[in-house]
Amino acid sequence: MTDDLVLDVRDVKKSYEGLEVLKGIGFGLRRGETKVLVGPSGSGKSTLLRCINHLTPPDEGRIFLSGEEVLEKNIDAMRARIGFVFQDFNLFSHLTVLDNVRICQVKVKGVAADVATERAQQELERVGLGDKASAYPAELSGGQQQRVSIARALAMDPDVLLFDEPTSALDPELTGEVVRVMQKLASDGMTMVVVTHEMSFARQAADELIFMENGYIIEQGPPQQLFSSAANDRTRAFLNVIAEHG
Amino acid sequence: MCREPDLDIYDVLLRDFPFLLKGLGVAVVLLVALLLIGFVLGMAICLLQLYGPRTLLVQWPLKVYERVFRGVPIIIMLFIFYYGVSGIYDISAFAAAVLAMGLRSAAYQSQIFRSAFQSVPAGQMMAARAMGMSKIKAIRHIVFPQSARHAIGPWTNEFSSEIKETSLAYVIGVVELTRQAHYIITSTQGNVLMVFAVVALLYFVLNRAGNSLLYAFERKLAVPGFEK
Ligand SMILES: Nc1ncnc2c1ncn2[C@@H]1O[C@H](COP(=O)(O)OP(=O)(O)OP(=O)(O)O)[C@@H](O)[C@H]1O
Ligand SMILES: [Mg+2]
């Protein structure tokens, strides 16, 4: 066990009605690390991310956040420290962009309203949307909505950020602006786990690439190494396929 | 025949207009009371159905309640509550009407709220929970305000139909607008059409006023760029 792990996932298992989706997954993240998770559809990537913050409670295994175990009884407090970015954004549609980024600071962390507003404005500037504070989500493009959802997660000052295919719901011409924001976060020293098929992001920003298949981690290592000389045949085959199509 | 001298129907209406207004007042109080009971109870039923324990012990009685109150004519419910309950407990006609109509409105309102809550995409609750909101906070700050947008239209319909149905409280002797009208008609013999035309106008004005308020509220809840 390493003490300086921000996120420590140990031997997590999860089944849905007899179908074992995660068969014992473990990995860890030190502060400032970015790991990219790839694998075929159905390999359990989303399930793994959702197990980390108990959106889907794991059947077995343990999860530690900065040394503290994530449990049912402290789940709300833990979730406030685990940012989650969804594929389809899930911005609160009745609130302005600013309020989207403010509300959980105020209602979950109890931050004072004016402090929350200032922080929200800062995070919006950070994702390049300082001028959209008073817009409503439905008035924004998909790329802009996803950047707001990243700002919303950042405003909670999380220990770690989890991204579940943040660009998959976007038109191709809009993925770039989101990937650039994520790259900036990675180089700013944010700790992140990113499920994505954007291999340009993996190459430039990931400290480690994790390849999952059938509920197991098949292989992990620096992206350059996996791209050029993965030890496992299936890893190599998969990376070739997404390098061509992704 | 003892005809009141020098009083044509206009004079009678003018003279008795305060009684009509009083009847209108009773109708409005009945309306507000039944809508309030319907709102509180309907919301509770809806929340239990959507977020409460899934056991049959809780869910089944709620379903039966809803079916019964939506399936039985309101006149029958009024009689049951007035004559039925007064055998056990001395209940005024007004209280019986408030209860019967309020409980029925709860059944309708619970349905309105339920489909309004269900029309909020599941991702909204999920995102709120993922950021550390408790279920209750997520309902209060995220799901409820969004569902209000969906509920207000059907709720306006419920409001309109309940206004009209308050007139049925007449059958158990509540002295609301329709009964006041009836008193005037019996005291003047004839002129039924004239009196009921005035009464119809009063119901209509009340209905329009309420609708305008609710539409204004609906516009206030509307979110730019968001299509229902
Ligand atoms: N709520 C659920 N109930 C039942 N089965 C589920 C549920 N969620 C996921 N599964 C199943 O678990 C398996 C893993 O799904 P998961 O979404 O984690 O895969 P993924 O790697 O994220 O795939 P994708 O790349 O398509 O997003 C799939 O076979 C899926 O059908
Ligand atoms: Mg997935």
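The values are calculated or read from the model by the stated rules, or taken from the named source; none is laboratory data. Bear in mind the structure is a predicted one, so any value in this text is a computation, not a measurement. Here Cβ is always computed from backbone atoms with ideal geometry, including for glycine, and neighbour counts include all displayed protein chains.
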- Task: Return the total of residues in segment A:49-63 being near ligand 1 (Cβ under 10 Å from one of its atoms) and under 11 Å from the mean Cα position of the chain (by Cα).
- Result: 2
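Residues of segment B:141-151 being more than 9 Å from chain A (Cβ to nearest Cβ) and under 16 Å from A:Leu91 (Cα atoms), which ones? Steps first, please.
Start the filter on segment B:141-151 by keeping residues that are more than 9 Å from chain A (Cβ to nearest Cβ), which leaves B:143-144, B:147, B:150-151.
If the condition is that a residue be more than 9 Å from chain A (Cβ to nearest Cβ) and under 16 Å from A:Leu91 (Cα atoms), then B:Val143, B:Phe144, B:Ser147 are the ones that fit.
Any residue at all in segment B:101-116 that's of a type in the set (Val, Ile, Thr) and within 27 Å of B:Ser160 (Cα to Cα)? Reasoning before the result, please.
At the first step, the residues of segment B:101-116 found to be of a type in the set (Val, Ile, Thr) are B:112.
Within this subset, residues satisfying the condition of being within 27 Å of B:Ser160 (Cα to Cα) are B:112.
Scanning segment B:101-116, I find at least one residue that is of a type in the set (Val, Ile, Thr) and within 27 Å of B:Ser160 (Cα to Cα), so the answer is yes.
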- If we keep only residues of segment A:1-29 that are out of contact with any Asp or Glu (no Cβ under 9 Å at 6 or more places or on another chain) and either near ligand 1 (Cβ under 8 Å from one of its atoms) or not in a strand (DSSP E or B) (or both), then the residue nearest to A:Thr191 (Cα to Cα) is A:Asp4
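What helices (runs of 4 or more DSSP H) lie completely within segment B:26-128 and have 3 or more residues being β-branched (Val, Ile, Thr)?
On the way: elements: B:56-71, B:74-79, B:85-88, B:93-118.
Where helices (runs of 4 or more DSSP H) fall fully within segment B:26-128 and carry at least 3 residues being β-branched (Val, Ile, Thr), they are B:56-71, B:74-79.
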- Yes or no: B:Tyr183 under 22 Å from the mean Cα position of the chain (by Cα), at pLDDT below 95, among the aromatic types (Phe, Trp, Tyr) and part of a helix (DSSP H, G or I)? no
- Among (1) within 14 Å of chain B (Cβ to nearest Cβ); (2) closer than 27 Å to A:Lys107 by Cα, the one test that A:Val181 misses: (1)
- Task: Filter segment A:137-156 down to residues that are charged (D, E, K, R) and within 10 Å of another protein chain (Cβ to nearest Cβ) and give me whichever is surrounded by the fewest Cβ atoms within 10 Å (Cβ to Cβ).
- Result: A:Glu139
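May I ask you to verify whether B:Met194 is hydrophobic (A, V, I, L, M, F, W, C) and farther than 30 Å from B:Val12 by Cβ?
Numbers: hydrophobic (A, V, I, L, M, F, W, C): yes; farther than 30 Å from B:Val12 by Cβ: no.
In short, no.
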- Of the residues that sit in segment A:64-94 and are acidic (Asp, Glu) and free of Cβ contacts under 8 Å to residues at least 60 places away in the same chain, which one is nearest to A:Ala169 (Cα to Cα)? A:Asp76
- Item | Test: residue in segment B:88-95 that is away from chain A (no Cβ under 14 Å) and within 15 Å of the chain's Cα centre (by Cα) | yes
- Please work out which one of (1) touching a Leu at 6+ places or on another chain (Cβ under 8 Å); (2) over 23 Å from A:Val178 (Cα atoms) is the condition A:Leu37 fails and give its number. (2)
- Query: Looking at (1) closer than 16 Å to B:Glu165 by Cα; (2) in contact with a Phe, Trp or Tyr (Cβ under 9 Å, 6 or more places away or on another chain); (3) of a type outside the set (Val, Ile, Thr), which is the one condition that is false for B:Gly71?
  - Reply: (2)
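For every residue, the table says whether it meets (1) over 25 Å from A:Ala186 (Cα atoms); (2) of a type in the set (Gly, Ala, Ser); (3) outside the structural domain of A:Val178 (by TED's automatic domain parsing).
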position	(1), (2), (3)
A:Thr96	yes, no, yes
A:Val101	no, no, yes
A:Val108	yes, no, yes
A:Asp114	yes, no, yes
A:Gln122	no, no, yes
A:Ala133	no, yes, yes
A:Gln144	no, no, yes
A:Ala151	no, yes, yes
- Message: Report every pair of residues separated by at least 6 positions or lying on different chains whose Cβ atoms are under 8 Å apart, first residue within segment A:35-63 and assigned by TED's automatic domain parsing to the domain that holds A:Ala243 and more than 28 Å from A:Gly189 (Cβ to Cβ), second among the aromatic types (Phe, Trp, Tyr) and modelled with pLDDT under 95.
- Response: A:Pro40/A:Phe238
- Item | Filtered residue count, segment B:125-137, keeping only those that are surrounded by fewer than 23 Cβ atoms within 10 Å (Cβ to Cβ) and of a type in the set (A, V, I, L, M) | 3
- Message: With without any contact (Cβ under 8 Å) to a residue 40 or more places away in the chain and under 26 Å from B:Gln109 (Cα atoms) as the only criterion, which of B:Val26, B:Val32 stands out?
- Response: B:Val32
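Can you go through B:Gly102, B:Gly173 and tell me which one is within 22 Å of the chain's Cα centre (by Cα) and farther than 30 Å from B:Leu221 by Cα? If you could, list the steps in order and put the result at the bottom.
On the way: B:Gly102 fails: farther than 30 Å from B:Leu221 by Cα.
None of the other options fit; the residue is B:Gly173.
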- Among (1) among the aromatic types (Phe, Trp, Tyr); (2) more than 14 Å from chain A (Cβ to nearest Cβ); (3) surrounded by fewer than 20 Cβ atoms within 10 Å (Cβ to Cβ), the one test that B:Trp155 misses: (3)
- segment A:6-29: number of residues that are touching a helix residue (DSSP H, G or I) at 6+ places or on another chain (Cβ under 6 Å) and loosely packed, with under 14 Cβ neighbours inside 10 Å: 0
- Which one of these does B:Val174 not meet: (1) touching a residue at least 24 places away in the same chain (Cβ under 8 Å); (2) part of a helix (DSSP H, G or I); (3) of a type in the set (Val, Ile, Thr); (4) more than 30 Å from B:Phe117 (Cα to Cα)? (2)
- Message: Which residue is farthest from the other protein chains (Cβ to nearest Cβ), if the candidates are limited to segment A:36-79 and must be near ligand 2 (Cβ under 10 Å from one of its atoms) and of a type in the set (D, E, K, R)?
- Response: A:Lys45
